[in-house]
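K.L.:
I am attaching a structure below and will ask some questions about it afterwards.
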Amino acid sequence: MKIKAGIVGGAGYTAGELLRILLHHKFVELGGIVSSSNAGNPLHQVHDDLLGDTELVFASELAGDEDVVFLCLGHGNSKSWLAKNSLPEITHVIDLSNDFRLAADQEFDGREFVYGLPELNKSRIQQAQSIANPGCFATAIQLALLPLAQAGKLTDDVHVSAITGSTGAGQSLSETVHFSWRTNNVSIYKPFTHQHLGEIGESLAQLQPQLDLDINFIPYRGNFSRGIFASVYTPSDLSQDEAREMYKNFYAEAPFTTVSDKEIHLKQVVNTNKCLLHVQKLGKQLLITSVIDNLVKGASGQAVQNMNLLFGLPETTGLHLKSVLF
């Protein structure tokens, strides 16, 4: 049987990536692809990388018989959409906004949302009704820190410096996404106050209760289109060999998260659902570098990974994607 999947907010970057993946997913049939501003237009008029792949058109509403609905709406809009649009109780929802990620927001209108980081919550995801897909920075940073939290080894403040591509800002135009502003340029934004800090803190406390430390996060805007490179460091009493072994053991059953013995770079993961980690000890500091594609493992690919788990499929189904290295 096919899983019938619908998408609400079908014109944005995350929806475009979802369509790219789901059109070639052997267990998925696409239902309604909703875009109020594009209803009746072919998908490839907006997502022109899909030209030749599909003749489907945008709809004004869902087909009504979807097994799973992906919400690719702006932050704050998923709650209002669900409040206005009644879905059958059996329909799974995977939300890509930040509306349901925190524990205080995970129950809404009869639905309970499980935080959808498979490396942390795989068994809960498999039994879930609805999923709150993690944020992109949050994914890269959490995967860099979860093994330390599980071992009770987060004992001092954590410092994070991470840079993201322009697609992380979404498709709406603003000054900082214009080519003439972004090219040959780097800037910081939301220092120490980024919205993903809340979900990171809750996930780490899930593994290491009574966690009492600061995560000092400086996000950067990069002059490239996609990907996240995060440098995460904290004082540690572990040796480099001990830390690497711990990380490899933690992710031994995680098909998309790999600990590299060599230093890593962004092009290794762009266009894929991978997270690559590199661990090294420098003086008293344990430095973990983490790289993901913000639109795939940081958004749409992880959403499909969660869908696979919800429906009892191998979590890698439809996600064997190769990076574009050169």
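The values are calculated or read from the model by the stated rules, or taken from the named source; none is laboratory data. This one's a predicted model, so the numbers in the text were calculated from it and none came from an experiment. All Cβ positions, even for glycine, are placed from backbone atoms using ideal geometry, and neighbour counts span all protein chains on display.
K.L.:
With a cut-off of at least 3 residues that are hydrophobic (A, V, I, L, M, F, W, C), name the strands (runs of 3 or more DSSP E) lying wholly within region 248-302. Even if it seems obvious, please write down each step before you answer.
P.N.:
Numbers: elements: 257-260, 275-282, 285-292.
The strands (runs of 3 or more DSSP E) meeting that bar are 275-282, 285-292.
K.L.:
Can you tell me which residue in region 287-323 is surrounded by the fewest Cβ atoms within 10 Å (Cβ to Cβ), limited to those that are in contact (Cβ under 8 Å) with a residue 60 or more places away in the chain and under 30 Å from residue 237 (Cα atoms)?
P.N.:
289
K.L.:
Go through region 96-127 and count every residue that is of a type in the set (D, E, K, R), under 28 Å from residue 252 (Cβ atoms) and in a helix (DSSP H, G or I). Even if it seems obvious, please write down each step before you answer.
P.N.:
Just the residues of region 96-127 that are of a type in the set (D, E, K, R), to begin with: 99, 101, 105, 107, 109, 111-112, 119, 122, 124.
If we keep only those that are under 28 Å from residue 252 (Cβ atoms) too, we end up with 101, 119, 122, 124.
Still in the list and also in a helix (DSSP H, G or I): 119, 122, 124.
Summing the residues that are of a type in the set (D, E, K, R), under 28 Å from residue 252 (Cβ atoms) and in a helix (DSSP H, G or I) in region 96-127 gives 3.
K.L.:
All but one of (1) part of a loop (DSSP other than H, G, I, E, B); (2) surrounded by 16 or more Cβ atoms within 10 Å (Cβ to Cβ); (3) in the same structural domain as residue 150 (by TED's automatic domain parsing) hold for residue 234, so report the exception by its number.
P.N.:
The number of the failed condition is (1).
K.L.:
Scan region 62-73 for residues that are closer than 10 Å to residue 96 by Cβ and of a type outside the set (Phe, Trp, Tyr) and report the count. Working first, answer last.
P.N.:
Filtering region 62-73 down to residues closer than 10 Å to residue 96 by Cβ leaves 70-73.
Checking which are of a type outside the set (Phe, Trp, Tyr) leaves us with 71-73.
The number of residues fulfilling the criteria is 3.
K.L.:
Can you name every residue in region 53-95 that is out of contact with any Gly (no Cβ under 8 Å at 6 or more places or on another chain) and either part of a strand (DSSP E or B) or among the hydrophobic types (A, V, I, L, M, F, W, C) (or both)?
P.N.:
Those that are out of contact with any Gly (no Cβ under 8 Å at 6 or more places or on another chain) and either part of a strand (DSSP E or B) or among the hydrophobic types (A, V, I, L, M, F, W, C) (or both): 56, 81, 82, 83, 87, 90, 92, 93, 95.
K.L.:
Separate question: Mind listing just one residue for me: the one in region 267-286 that is without any contact (Cβ under 8 Å) to a residue 24 or more places away in the chain and of a type outside the set (A, V, I, L, M, F, W, C) and, of those, nearest to residue 303 (Cα to Cα)?
P.N.:
Ranking the qualifying residues of region 267-286, first place goes to 278.
K.L.:
Further, regarding this structure: Could you say which residue among 28, 69, 57, 34 is out of contact with any His (no Cβ under 9 Å at 6 or more places or on another chain) and touching a residue at least 60 places away in the same chain (Cβ under 8 Å)? I'd like the intermediate steps shown before the answer.
P.N.:
Working: 69 fails: out of contact with any His (no Cβ under 9 Å at 6 or more places or on another chain); 57 fails: touching a residue at least 60 places away in the same chain (Cβ under 8 Å); 34 fails: touching a residue at least 60 places away in the same chain (Cβ under 8 Å).
It is 28.
K.L.:
If only one of 87, 43 is over 21 Å from residue 317 (Cα atoms), out of contact with any Phe, Trp or Tyr (no Cβ under 7 Å at 6 or more places or on another chain), surrounded by 13 or more Cβ atoms within 10 Å (Cβ to Cβ) and not polar (S, T, N, Q), which one is it? Explain how you work it out, then say what you get.
P.N.:
Values: 43 fails: out of contact with any Phe, Trp or Tyr (no Cβ under 7 Å at 6 or more places or on another chain).
Of the residues listed, the single one that is over 21 Å from residue 317 (Cα atoms), out of contact with any Phe, Trp or Tyr (no Cβ under 7 Å at 6 or more places or on another chain), surrounded by 13 or more Cβ atoms within 10 Å (Cβ to Cβ) and not polar (S, T, N, Q) is 87.
K.L.:
Could you list, ordered by first residue, the pairs with Cβ atoms under 7 Å in which the first is in region 181-205 and farther than 21 Å from residue 154 by Cβ and the second is loosely packed, with under 11 Cβ neighbours inside 10 Å, at least 6 apart or interchain?
P.N.:
181/175
K.L.:
Looking at (1) of a type outside the set (S, T, N, Q); (2) over 20 Å from residue 15 (Cα atoms); (3) in the same structural domain as residue 167 (by TED's automatic domain parsing), find the lone condition where residue 325 falls short.
P.N.:
Unmet for residue 325, out of (1) of a type outside the set (S, T, N, Q); (2) over 20 Å from residue 15 (Cα atoms); (3) in the same structural domain as residue 167 (by TED's automatic domain parsing): (3).
Residue-wise test of (1) in contact (Cβ under 8 Å) with a residue 12 or more places away in the chain; (2) surrounded by fewer than 19 Cβ atoms within 10 Å (Cβ to Cβ); (3) closer than 22 Å to residue 273 by Cα.
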| residue | (1), (2), (3) |
| --- | --- |
| 104 | no, yes, no |
| 114 | yes, no, yes |
| 123 | no, yes, yes |
| 133 | yes, no, yes |
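K.L.:
Then there's this: I'd like to verify a number: residues in region 23-52 that are assigned to a strand (DSSP E or B) and aromatic (Phe, Trp, Tyr), how many?
P.N.:
Of the residues in region 23-52, the ones assigned to a strand (DSSP E or B) are 28-34, 42.
Now restrict to residues that are aromatic (Phe, Trp, Tyr): none.
Counting residues in region 23-52 that are assigned to a strand (DSSP E or B) and aromatic (Phe, Trp, Tyr) gives 0.
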